[in-house]
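Throughout, read-outs are computed from the coordinates displayed, never taken from laboratory work. No experiment lies behind these values; they were computed from the predicted model shown. Because the Cβ atoms are built from the backbone with ideal geometry, glycine has one as well, and the counts that use them run over all protein chains shown.
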Amino acid sequence: MTLAIIGGSGLTELEGLEIERREMVHTPYGEPSGPLTHGRLHGQPVIFLARHGYGHTIPPHRVNYRANIWAMQAAGAKQVMAVAAVGGIHEALSPARLAFPDQIIDYTHGRASTYHDDDHDAVVHIDFTQPYDAALRDRLIAAAHEAGVDAQTQGCYGATQGPRLETAAEIQRLARDGCDMVGMTGMPEAALARELEIPYATCAVVANWAAGVGRDEVIAMEQIHETLQTGIQSVRQVLQALISG
Ligand code: HPA
């Protein structure tokens, strides 16, 4: 059951990954964010891809989500763990904490968001009532518990278009909608994985308080990067427990 990991901001490479080969997969949807890295992590086979490219140069609205998910499946991935930086809206989601969302609201627009885009295909409506794979989520939650990593075990992810951060009013609206965290990459990634029937779950890393939630007047990129360093350490611990479990 090869696990694929999509690394988000702060996770452009997997520490401890014994790299075996890199594979550039050409897909009917164009090029993925970079070559897939095949290797072993704690002895288990994994496939890694940096969502924003290995040099972190592809902004969220320009990521070729269709090519990324398609390439991972073509390369043999049987499940996908997405790591994603988010802003915390719920008071429990303070910077550097992890969260495993169980719901998502899509506020993105203009992204290529389906594989069923041709008018010669029969119309397909995937079930997306539960956007994340329950079994993989459960395993992630158990892994965090086992690793002693403090994490929020549910929550609603609001996917915004970016690349700018939100206004305070937009975050208030997201909060009224029931969003607990906000990020820019959750959609269409989750829906595309469901279309290809790949179990998919997200490990969110809180990088900052969302706009207007914390005491900060301005959200500084340096602060985000610093916080992500801490959060990513927890992600590594979860990964180790997940893979060894
Ligand atoms: N908003 C949207 N995406 C994000 C944020 C945020 O505050 N922090 C990290 N990714």
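Based on the mean of other Cβ atoms within 10 Å per residue, sort peptides 55-62, 40-47 so the most packed one is first.
Working: 55-62: 14.4, 40-47: 16.1.
Going from most to least packed, we get 40-47, 55-62.
Mind checking segment 194-241 for GluC sites (Glu not before Pro) that DSSP puts in a loop (not H, G, I, E or B) and that have at most 10 other Cβ atoms within 10 Å? Write down the numbers at each step before the final one.
Working: sites: Glu195, Glu197, Glu217, Glu222, Glu226; in loops: Glu197, Glu217.
Within segment 194-241, the qualifying GluC sites (Glu not before Pro) (loop, at most 10 other Cβ atoms within 10 Å) are Glu197, Glu217.
I'd like the distance separating the alpha-carbon centroids of segment 96-128 and segment 201-245, in whole Å.
Their Cα centres are 24 Å away from one another.
Give, as ranges by residue number, the residues of segment 142-157 whose backbone N falls under 14 Å from the point 7 Å along Cα→Cβ of Ser244.
Residues 143-149 fall inside that zone.
Using only helices, what value at 222 nm comes out for the chain when you add -39,500 (n - 2.57) per DSSP H run of length 4 or more and divide by the total residues, to the nearest 500 deg cm²/dmol?
Values: 5 runs with 68 residues, N = 245.
About -9000 deg cm²/dmol.
Would you mind working out the magnitude of the charge dipole of the chain relative to its Cα centre, with +1 at each Lys and Arg C-beta and -1 at each Asp and Glu C-beta, to the nearest 20 Debye? Before the final figure, lay out the partial values.
Numbers: 17 positive and 29 negative charges, 67 e Å.
Roughly 320 debye for the chain.
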